[in-house]
Amino acid sequence: EGLSSGARGGVRNLGKPVSLAKRYYDEGADEIAFLNITSFRQGVIDDLPMLQVLEESSKSIFVPLTVGGGIRSYTDSEHGVTYSALEVASRYFRAGADKVSIGSDSVHAAENYIQSGGTKTGTTSIETI
C-alpha cells in the first residue's frame with residue numbers, strides 16, 4: 001500500500017499532500033512547494049496525481065503554490081509527441097500552480113550558455129518559459 005515500483009526502486013506515499021499543505025497554510029506558511037520527484041519516470045503533461053494535488057490545493061490554500069520536477073521539454077515515447085517546457089509549465093499553471101521551480105535543466109542551460117560563449121539557443125526551459 002502506498003508503494004509503486006519502478007526502475008530505480010519503490011516510492012512510498014507518506015501522507016496526504018493536500019491536507020498537509022492545508023495544515024501548513026493554516027499554521028502561517030507564506031508559500032507551499034510541491035516537488036514531483038518521480039517525474040523522470042513518465043510524461044508530466046498527464047501526471048494526474050500532481051495535477052490533482054494542485055487542483056485540490058488551490059481551492060483552499062491562498063498563498064503561492066510552487067511545483068517542481070520534470071519541467072523540461074520531452075517526447076512522449078508512447079505517442080511520439082514532443083512537448084516544450086512551456087507546455088509542461090502551462091499545464092501545471094492551469095492546474096493551480098502559481099510558480100514553477102526549474103532545477104537540473106537550469107544548470108544544463110547555464111553550462112551550455114557559458115560553453116557557447118554567451119549564445120542563446122532559445123530552446124532551454126529558462127528561455128522558453
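Candidate cross-link partners of Lys99 among the aspartates and glutamates, defined by an alpha-carbon separation under 19 Å and a same-chain spacing of 8 or more, comprise Asp30, Glu31, Asp46, Asp47, Glu55, Glu56, Glu87, Glu127. Placing one equal scatterer on every Cα of the range 17-116 and applying the Debye formula, the log10 ratio I(q)/I(0) at q = 0.13, 0.23, 0.25 Å⁻¹ is -0.49, -1.17, -1.30.
Rule-based calculations on the coordinates, nothing more; no lab input. Since the model is a prediction, treat every value here as computed from it, not as a measurement.
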